[in-house]
1. I'd like the full set of residues that are exposed (fewer than 15 other Cβ atoms within 10 Å of the Cβ) and in a strand (DSSP E or B), limited to the stretch 103-117.
2. Just give me the residues in the stretch 130-174 being modelled with pLDDT of 95 or more, basic (Lys, Arg) and out of contact with any strand residue (DSSP E or B) (no Cβ under 8 Å at 6 or more places or on another chain), in sequence order.
3. Let me confirm something: among Leu145, Leu128, Leu173, Leu151, which residue is closer than 27 Å to Tyr4 by Cβ and touching a Gly at 6+ places or on another chain (Cβ under 6 Å)?
4. Specify the residue that is farthest from Gly118 (Cα to Cα); the eligible residues are those in the stretch 70-97 that are in contact (Cβ under 8 Å) with a residue 24 or more places away in the chain and assigned to a loop (DSSP other than H, G, I, E, B).
5. I'd like the full set of residues that are open to solvent by 40 Å² or more (accessible area, probe 1.4 Å), assigned to a helix (DSSP H, G or I) and more than 26 Å from Arg127 (Cα to Cα), limited to the stretch 51-69.
6. Where the second residue is in a helix (DSSP H, G or I) and open to solvent by less than 70 Å² (accessible area, probe 1.4 Å) and the first is farther than 13 Å from Thr57 by Cα and among the acidic types (Asp, Glu) and lies in the stretch 33-44, which pairs have Cβ atoms under 6 Å and are six or more apart or on separate chains?
7. So, in the stretch 41-50, of the ones that are closer than 17 Å to Glu24 by Cα and out of contact with any Ser or Thr (no Cβ under 9 Å at 6 or more places or on another chain), which residue ends up most open to solvent (accessible area, probe 1.4 Å)?
8. Between a first residue in the stretch 134-147 that is farther than 17 Å from Leu170 by Cβ and a second residue that is open to solvent by less than 50 Å² (accessible area, probe 1.4 Å) and among the aliphatic types (A, V, I, L, M), which pairs have beta carbons less than 9 Å apart while being 6 or more apart in sequence or on different chains?
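The values are calculated or read from the model by the stated rules, or taken from the named source; none is laboratory data. Predicted model, so just to flag it, every value in this text is computed and none were measured. Using ideal geometry, Cβ is built from the backbone for each residue, glycine included, and neighbour counts are taken over all protein chains shown. For accessibility, only protein heavy atoms count, side chains too; no ligands or nucleic acids. Shrake-Rupley method; radii C 1.70, N 1.55, O 1.52, S 1.80 Å.
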Amino acid sequence: MQAYLDSIKAKTGLNVDDFSRLTEEKGLSSYKDVMGWLKDDIGLGHGHATLIAQLLTKRDEFLAPQPDKFAALFSGPKAHWRAVYDNIAKHIADFGPDVGIHANRTYINLQRAGRKFGLIQPSTANRLDIGIKLKSAPPSDVMELAGAWNLMVTHRIQVPKGSAVPAETLVWLKAAYDAC
């Protein structure tokens, strides 16, 4: 997170306290409004804007301990996805010593040395989504273009409840890791 904050400061000359003061002066309090302002007026990219908006509007939730975030993602009707996630994560951890797996409010980031190569999202009780950042890969019957679903990845694999994760998934995730 500090590397992102340093990058934002270098780009804009502003730190979190500056952004907080400015959003207060502008009367911005919702996540959506802060995101729009950060992207449209300040010129931040999606990832940087997300970090600042989360810190300003959802700080406690954003800074919650990782175990709490994982528990929240796999609670209630989405609890059955935890075993699927655990199996995928076990294989991803073997990609290399620089793999990072971190939960946020809505999904799990898969990173190599701090750079995202994929994500896992228990989207609904009936669907798990796996995002892959692999610009060179064409879409297939299983892996579609992510489009507006998530701007941080290029492709998405939808896993319906009761279906197995497609075998190619780990191959694509490893390719994304290698390309990172």
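1. Arg115
2. Matches in the stretch 130-174: Lys174 only.
3. Only one candidate qualifies: Leu173.
4. Within the stretch 70-97, the match that is farthest from Gly118 (Cα to Cα) is His80.
5. If the condition is that a residue be open to solvent by 40 Å² or more (accessible area, probe 1.4 Å), assigned to a helix (DSSP H, G or I) and more than 26 Å from Arg127 (Cα to Cα), then Leu56, Thr57, Arg59, Asp60 are the ones that fit.
6. none
7. Asp41
8. Hits for this filter: Ser136/Ala175; Glu144/Ile157; Ala146/Ile132; Ala146/Met152; Ala146/Val153.
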